[in-house]
Amino acid sequence: MSAPRRVRLPFRAFVTHDERTARPEEVIVRVVLCMVALLFASSMQGQSLAQETQQSAVSTSNSTGSVAGVLKDPSGAVISRARVVLSSSTSSFDKVRISDRLGHFSFGSVPVGEYQLSVTAPGFARQILHSVTVVAGKELTEDLSLTIAVVATNVQVEGQDASSAAAWDLKVQSSSQSHNSADLLADAPGVSLHGNGELATIPFLHGLGDERTKIVVDGMTISSACPNHMNPTLGYVAPAQAAQMTVLAGITPVSLGGDSLGGTISVESSAPAFAETGSNLREEGTFTGFYRSNGDNWGGSLNEGIAGEHFSLGYVGAFTITDDYSDGAGRKITSTYAQSTDHTLTLAAQSGHNFFEATGSYHHVPFEGFVNAFMDLTHNSATSLNVRYRRTLAAGSVDARFYWQNTLHEMNFLSDKLVVDGVGASMPMNTHGRDLGYTVRYESALSARHTLRAGNELHRLRLDDWWPPVAGAAPMMGPDTFININNGRRTRLGTYAELFSHWNSHWSTLLGVRNDTVWSDAGNVQGYSSMYAADAAAFNAEKHSRTDINLDLTALTRYDAGQHAAFEFGYARKNRSPNLYERYTWSTGMMAASMIGWFGDGNMYYGNVALKPETGNVVSGTLLLHGHAPKAWEVKLTPHFNQIQDYIDVDVASMGMMGMGTPLLRFANHDARIYGGDVSGFTTLWSSDSAGTGRLSAGGAWLHGARTDSGTPLYQMMPLNLRLAFDEEIRGLNVGVSSELVDSKSRLDPNRLELRTPGYALFNVHAVYKTKYVQGGFRGDNLFNRLYELPLGGNNIDIYSATGNMTPVTGRGRSLALNLTCTF
Ligand SMILES: [Cu+2]
């Protein structure tokens, strides 16, 4: 059997959620054999062409230097045949290079001075690096990571030159005034944020959030190990560690998708830096500190790195603590305090075509209040290991990764949780989650026109969720341990192939097919006492093991009209299988069911073993218009439409049980539809040496989501919103004002008793001053101390517990923040 035939093998079943079970071992063995064959074939190819490595000449002249680098896509695969332009704004210097098969480009004998580096490649968003400084006799390395197509919004962590592989060169971060990585996504059009504790906001893309959006951190899939999703993926990335976040909100290439219904958010840490050939050890570090007035929030981070030509060792540590914040009316919002600590150690090595990286991290949250949940987080610790190997081949690359994370999570009541009459002053709930997985990806330029990407990945979650008995609280909370999920297992094996074709200077296409087979299972359960026996017996009598066979497709075409416009249009079929809590939570008891659900609404939820995967049919396009000169102006429009079969919504089991004002809901499949549009753009108002650069930018999004059977609105759809900003940059100083306008949320899900939130406008100011080694920043948020309710912030459960009134959580009042970053 030839290698290409083996690649096709895993796509044997073109059926979704098929009950004909393919045994996991069988499929794993077949796919592993296929990948071994691929790896073997590619390493042979690599050896025979190893001599082709290009050495870029380093100029030794006194008046010139050189610039070189490697271009990669978000997954780390090299990009060949990209057009790289180095130009000067003060001289006539303007040179073009085309990246070679290893993604390399280099410019020799460049006169010293300031340059702009611009990169365009078919199928990728254009990237521009301003202020590239060429120093006499030195080679400047500018490795760039391009984002795929114009649908990608590339969020660069402000102040960190995310595109640079000078990994320790984390110059300035106004982002260091936040302790929440999801906040960094706030300005991306189409992204809305769902409040979920102070450390772990959950991003929604086009109305699809949490596990419906694929969130990948350094290639790892990390599951929420909590029935309230208090520890979602982004909670494990300190902003100090995130070097680049890529948001794909429209059509996602299958290589970056799988087991998701919306788009993909990929977070990458800084790539390890290595010393230049023949030079001494390279040692760099960055220290950041920040303080935010509202909530007495402070924290800091330390990045330290030491590197030789072939090895690199790096450490990132981050700490933050915050007290409860106050809203615009000066009311303290209880259960919004938190603390977290992160340590990450990375060891990397490179030699010739080989790159190896091993990262170990420890993340610890001793407490985090949840105003929109009945419980608080009282302990969360996670230990993880991520090992990566990459080999550059003559016409492509092989990239393999293995990862593991062990998460221990505990919930209980923190001291300012308003608990009715002291009842349930203690109620321990524990979760143990173990994520394990690998990814292997192969890329090869088949010809000048076609590039093939193929990959295989496995993710396995094992989860136990149990609630120890509370002394004296039987039969409601004793005498036995409540087993919520017993040895839950969810194993996903994904395999994909995609072909990128660059037909001519205008047209390119991307075609992809992907299979994800998901095996779910869980053991038998028990309640605290005999009062839970009927539900437990009913659950235990059901067949728990399920196999979903999901087929994803992507077809995308792009037309590049040249200097002023690009157009992209595509279709994607995407699938997400239910998570363990959606399938295997089982108690209809009021107390137990109110502990399930990651919506922040206080409603009671329980699972449904028979749930089918959700299947989305997405049609989306993007029109990009931009000015002739780089950064003069740009307008980007992205309409989108998603017809979702078997969307996992809820059925109302009972309303107002036992005097509770909240409904008991059971997860259930219902067809739904979401459509809308994003718009963003900017224009440069002036640009000169004396007046600096003044820029006006805007971004907005509109969404409409409804169930197609009942016509009722879908839950938690962000209302129409618009962001406007003006900023001026002059000699290292950037000052600006911005405003955030949000319409009222009036389309409400009746089953969840979703609450209306009024519209609001917030105004913010900022100033950042940068020098080579130090950056200082100031921010004033919600300057007019506006009182507003968060459309996606959930309900204030502390107020509900105390008064019986359900109200939305109100947002942070006026807040002033300072931050400082030093590079040494
Ligand atoms: Cu929890």
Filtering region 415-437 for residues that are more than 15 Å from the ligand (Cβ to nearest atom), open to solvent by less than 30 Å² (accessible area, probe 1.4 Å) and at pLDDT below 85 leaves a count of 1
Picking from Glu268, Glu211, Glu276, the residue that is open to solvent by 20 Å² or more (accessible area, probe 1.4 Å) and either free of Cβ contacts under 8 Å to residues at least 24 places away in the same chain or in a loop (DSSP other than H, G, I, E, B) (or both) would be Glu276
Subset of region 306-322, residues surrounded by 18 or more Cβ atoms within 10 Å (Cβ to Cβ) and over 25 Å from the mean Cα position of the chain (by Cα), comes to Ala307, Ser312
Val650 meets each of (1) open to solvent by 20 Å² or more (accessible area, probe 1.4 Å); (2) out of contact with any Gly (no Cβ under 9 Å at 6 or more places or on another chain); (3) in contact (Cβ under 8 Å) with a residue 40 or more places away in the chain with one exception, condition (1)
Of (1) assigned to a strand (DSSP E or B); (2) open to solvent by 60 Å² or more (accessible area, probe 1.4 Å), Arg747 satisfies every one except (1)
If you go through Ser293, Ser381, Ser301, the only one that is closer than 30 Å to Ala817 by Cβ, of a type in the set (Ser, Thr, Tyr), within 16 Å of the ligand (Cβ to nearest atom) and touching a Ser or Thr at 6+ places or on another chain (Cβ under 8 Å) is Ser381
Every listed condition ((1) within 26 Å of the chain's Cα centre (by Cα); (2) under 24 Å from Leu185 (Cα atoms)) holds for Leu345 save (2)
Criterion first (buried (at least 18 other Cβ atoms within 10 Å of the Cβ) and either assigned to a helix (DSSP H, G or I) or touching a strand residue (DSSP E or B) at 6+ places or on another chain (Cβ under 8 Å) (or both)) does Ala802 satisfy it? no
### Task
Report whether or not Gly285 is in contact with a strand residue (DSSP E or B) (Cβ under 8 Å, 6 or more places away or on another chain), more than 16 Å from the ligand (Cβ to nearest atom) and part of a loop (DSSP other than H, G, I, E, B).
no
Scanning region 113-129 residue by residue, the ones that are modelled with pLDDT under 75 and either touching a Phe, Trp or Tyr at 6+ places or on another chain (Cβ under 9 Å) or open to solvent by less than 30 Å² (accessible area, probe 1.4 Å) (or both) total 6
Within region 658-702, of all residues that are free of Cβ contacts under 8 Å to residues at least 60 places away in the same chain and closer than 25 Å to Pro227 by Cα, the one least open to solvent (accessible area, probe 1.4 Å) is Ala672
Some residue of region 444-465 being in a loop (DSSP other than H, G, I, E, B), more than 30 Å from Ala536 (Cα to Cα) and of a type in the set (Ser, Thr, Tyr) = yes
By residue number, the members of region 212-231 that are away from the ligand (no atom under 16 Å from the Cβ) and among the hydrophobic types (A, V, I, L, M, F, W, C) are Ile215, Val216, Val217, Met220
Going through (1) of a type outside the set (Val, Ile, Thr); (2) surrounded by fewer than 19 Cβ atoms within 10 Å (Cβ to Cβ); (3) more than 30 Å from Leu720 (Cα to Cα) one by one, Ala592 fails only at (2)
Of the residues in region 130-144, those that are open to solvent by 30 Å² or more (accessible area, probe 1.4 Å) and either assigned to a strand (DSSP E or B) or at pLDDT below 75 (or both) come to His130, Ser131, Thr133, Glu139, Leu140, Thr141
Is it the case that Phe356 is more than 16 Å from the ligand (Cβ to nearest atom) and either touching a residue at least 60 places away in the same chain (Cβ under 8 Å) or open to solvent by 30 Å² or more (accessible area, probe 1.4 Å) (or both)? yes
- Message: Looking for something out of contact with any His (no Cβ under 8 Å at 6 or more places or on another chain), within 27 Å of Asn734 (Cα to Cα) and not acidic (Asp, Glu) - is there at least one such residue anywhere in region 666-673?
- Response: no
Over region 279-292, the set of residues surrounded by 21 or more Cβ atoms within 10 Å (Cβ to Cβ) and out of contact with any Phe, Trp or Tyr (no Cβ under 9 Å at 6 or more places or on another chain) is Thr288
Report yes if Met718 is of a type outside the set (Gly, Ala, Ser), touching a residue at least 24 places away in the same chain (Cβ under 8 Å) and crowded, with 18+ Cβ neighbours inside 10 Å, otherwise no. yes
Of (1) farther than 20 Å from Thr320 by Cα; (2) away from the ligand (no atom under 16 Å from the Cβ), Ser361 fails just (1)
Going through region 808-824 in order, the residues found to be of a type outside the set (A, V, I, L, M) and either open to solvent by 80 Å² or more (accessible area, probe 1.4 Å) or out of contact with any helix residue (DSSP H, G or I) (no Cβ under 8 Å at 6 or more places or on another chain) (or both) are Pro808, Thr810, Gly811, Arg812, Gly813, Arg814, Ser815, Cys822, Thr823, Phe824
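Listed here are the residues, each with its yes/no results for (1) at pLDDT below 95; (2) of a type in the set (Gly, Ala, Ser); (3) within 27 Å of the chain's Cα centre (by Cα).
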position: Leu493; (1), (2), (3): no, no, yes
position: Tyr496; (1), (2), (3): no, no, yes
position: Thr509; (1), (2), (3): yes, no, yes
position: Trp519; (1), (2), (3): no, no, yes
position: Ala534; (1), (2), (3): no, yes, no
position: Asp552; (1), (2), (3): no, no, yes
position: Arg558; (1), (2), (3): yes, no, yes
(Q) Among the residues that make up region 390-407, is at least one of them within 13 Å of the ligand (Cβ to nearest atom) and within 21 Å of the chain's Cα centre (by Cα)? (A) yes
Residues in region 339-352 that are assigned to a strand (DSSP E or B) and in contact (Cβ under 8 Å) with a residue 60 or more places away in the chain total 6
For region 232-263, the count of residues that are part of a loop (DSSP other than H, G, I, E, B) and either away from the ligand (no atom under 16 Å from the Cβ) or over 20 Å from Ser577 (Cβ atoms) (or both) equals 17
Screening Ala243, Ala249 for residues that are over 21 Å from Trp404 (Cα atoms), of a type in the set (A, V, I, L, M, F, W, C) and out of contact with any Leu (no Cβ under 6 Å at 6 or more places or on another chain) leaves only Ala243
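The values are calculated or read from the model by the stated rules, or taken from the named source; none is laboratory data. Quick caveat: nothing in here was measured; it's all calculated off a predicted structure. All Cβ positions, even for glycine, are placed from backbone atoms using ideal geometry, and neighbour counts span all protein chains on display. Just the protein is used for accessible areas: all its heavy atoms, side chains included, with ligands, DNA and RNA removed. Shrake-Rupley method; radii C 1.70, N 1.55, O 1.52, S 1.80 Å.
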